[in-house]
Amino acid sequence: MPDDANSAPVGEGPLIGAAACIPAKRRTVPVLAVWLRDLIISLAISSFIIVFLYQPVKVEGTSMMPSLDDQERIFVNKFVYKLEPIERGDIVVFRYPRDVSKSFIKRVVAVAGDRVRIAAGQVYVNGQRLEEDYVAEAYADQRSMSEVAVPAGSYFLLGDHRNMSNDSRDFGPVDSRFIYGKAVFGYWPMDKMGRVK
């Protein structure tokens, strides 16, 4: 009954079904392209941040306890010292002067031009006793060191765990060219998450 108003022309049913599938396939391709574009942009931004600004670092060893624990994960700001000077109290990451393939992390206790001496474990900078609340009593030591002058462009670095630290008492002041970042933020373990002090 070709004149029936309710009947559809032969062959239209399958064509409508096929037409409905085409836009769905076309929509999938742009969604994947957008997702891939966003992923590439995110990776590029992350790479820029890691290469030029912040670098994740794993602390190995106990020389900075209790401030930083062995295996703790932190972010190091690699750009900050292009904008501001290295200061006393900063925790810095640097290439070990005797083997630049190794990196150490220590605290700055004296800057260029300062005079440093240690008497029975107590640090004196320019004749003034240094207040070091970051050195726990259990980690202090009784070593002494004759006064030294920190050369231009160098820094005197000590670990907070004084009786377990290989630092400027052993290898001397560190030239600024070896220092490549400042420890700024701990992110693992979770209970130590926060700004590094």
Checklist outcome for this item: Within region 148-163, residues within 20 Å of residue 72 (Cβ to Cβ) and either among the small types (Gly, Ala, Ser) or out of contact with any Gly (no Cβ under 8 Å at 6 or more places or on another chain) (or both) come out as 157, 158, 159, 160, 161, 163
Next on the checklist: Could you tell me how many of the residues in region 84-98 are of a type in the set (A, V, I, L, M) and assigned to a loop (DSSP other than H, G, I, E, B)?
Outcome noted: 1
Next on the checklist: Can you find a residue that is touching a His at 6+ places or on another chain (Cβ under 9 Å), aromatic (Phe, Trp, Tyr), within 23 Å of residue 184 (Cβ to Cβ) and in contact (Cβ under 8 Å) with a residue 12 or more places away in the chain anywhere in region 67-87?
Outcome noted: no
Item to check | Only listed residue being closer than 20 Å to residue 171 by Cβ and of a type outside the set (A, V, I, L, M, F, W, C), chosen from 60, 84 | outcome: 60
Item to check | Selection from region 153-173 of residues that are surrounded by fewer than 17 Cβ atoms within 10 Å (Cβ to Cβ) and part of a helix (DSSP H, G or I) | outcome: 163, 164, 170, 171
Checklist entry - Can you name the residue in region 66-93 that is basic (Lys, Arg) and at pLDDT 95 or above and is also least open to solvent (accessible area, probe 1.4 Å) among such residues? => result 73
Next on the checklist: I'd like to check which strands (runs of 3 or more DSSP E) are fully inside region 99-152 and have at least 1 residues that are in contact (Cβ under 8 Å) with a residue 40 or more places away in the chain and buried (at least 16 other Cβ atoms within 10 Å of the Cβ).
Outcome noted: 103-110, 115-119
Checklist outcome for this item: Given the conditions (1) within 15 Å of residue 89 (Cβ to Cβ); (2) surrounded by fewer than 13 Cβ atoms within 10 Å (Cβ to Cβ), every one holds for residue 184 apart from (2)
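The values are calculated or read from the model by the stated rules, or taken from the named source; none is laboratory data. Computed from a predicted model, the values in this text were never measured in an experiment. Cβ atoms come from the backbone with ideal geometry, glycine included; neighbour counts cover every protein chain shown. Keep in mind that these areas ignore ligands, DNA and RNA; they rest on the heavy atoms of the full protein, side chains included. Shrake-Rupley method; radii C 1.70, N 1.55, O 1.52, S 1.80 Å.
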